[in-house]
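Here's the structure we're looking at; comments come further down.
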Amino acid sequence: MKRALILLAPLLVLAACEKQPAYIKVKGPRDAVESTKMDPVFPAFEKKGDTIRLRASAFDKDNVFMGAANVTWDSSDRTVATVDATGLVTILSSGEAKIVATSVGTEQKLEASLPVKAVIIDKVKLVMPDPAKKTLKMGDIVQWKAEVYDDRGNVIPGAKTRWKSSSFAATVADNGEVEGRAIGTATIMVEAASFTDRVDIEVIDWDTKGR
C-alpha cells in the first residue's frame, strides 16, 4: 500500500502543476482570412442553412497559444443560429446571436463568444411617389424607391437593388430615377437577391395635358 502511494504521489504533483489556460478564444476555420485576427468578425450570412465551423483555442497568461480548447457550445439565440457539439453553426433566420464556448476540465470556468449576423432577404417592394399615378409624360423624371425586407419582416437599410425597364418608353437609373422617353408602355422592375417587384406604366406625349 505504501509503495502504491509513493508511485501515485509524483502523478498527483504533476497533475497539480499542469499548466492551466488563462483564457480561450473562439475562431473560425483555419483557412478563413478573418481567423488571422485575434477577434474575428465574419460578414453577415445571407442564406438560411448557411454553415460555418468554429473552433476554440486556449492561451496562457502570457498570450501564448496552448492548443485547441475542450469546450461545450451554445447559441444566445437559437432562432437565429444553432451550434452542435463540434462547433458547426447553422443559420436559421435573420438576426444576431453570440456563439458561446465554455471550457471543460479547467480549474476555472472559461468562456468566450463570437457574434454571428444573418440578413436573409425575403421580399422587395417598389415604392412610387404616387401609387395611383402610373402615367408619365415624355420628359418627366420621377424618383422611385425600393424597400427590401428580411425574413422577419424588417426593412433592410442599404440593401443592394437592381433596376430594369422592359422598353425604351421609360428608362430607370441605378438609383430608381424613372424618365419618360417615348410614347408607349414599360414595366419598371426592381430586384433584390432572387426577389422582384414590378409596375406597368404608360408614357404619353408631353403636350397631352389633362389625360
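The values are calculated or read from the model by the stated rules, or taken from the named source; none is laboratory data. Since the model is a prediction, treat every value here as computed from it, not as a measurement. With ideal geometry, Cβ positions are generated from the backbone for all residues, glycine too; neighbour counts draw on all protein chains shown. For accessibility, only protein heavy atoms count, side chains too; no ligands or nucleic acids. Shrake-Rupley method; radii C 1.70, N 1.55, O 1.52, S 1.80 Å.
Among the residues of the stretch 145-154, is there at least one that is more than 30 Å from residue 83 (Cβ to Cβ), over 20 Å from the mean Cα position of the chain (by Cα) and of a type outside the set (A, V, I, L, M)? For the stretch 145-154, residues more than 30 Å from residue 83 (Cβ to Cβ), over 20 Å from the mean Cα position of the chain (by Cα) and of a type outside the set (A, V, I, L, M): present. Output the residue which, of all residues in the stretch 155-174 that are out of contact with any Ser or Thr (no Cβ under 7 Å at 6 or more places or on another chain) and touching a residue at least 24 places away in the same chain (Cβ under 8 Å), is farthest from residue 140 (Cα to Cα). Applying the filter and picking the extreme gives 156. The residues of the stretch 114-126 that are over 15 Å from residue 148 (Cβ atoms) and buried (at least 18 other Cβ atoms within 10 Å of the Cβ), listed by number, are 114, 116. Where strands (runs of 3 or more DSSP E) fall entirely within the stretch 127-211, those with at least 2 residues that are farther than 30 Å from residue 92 by Cβ, open to solvent by 80 Å² or more (accessible area, probe 1.4 Å) and not hydrophobic (A, V, I, L, M, F, W, C) are at 195-204.
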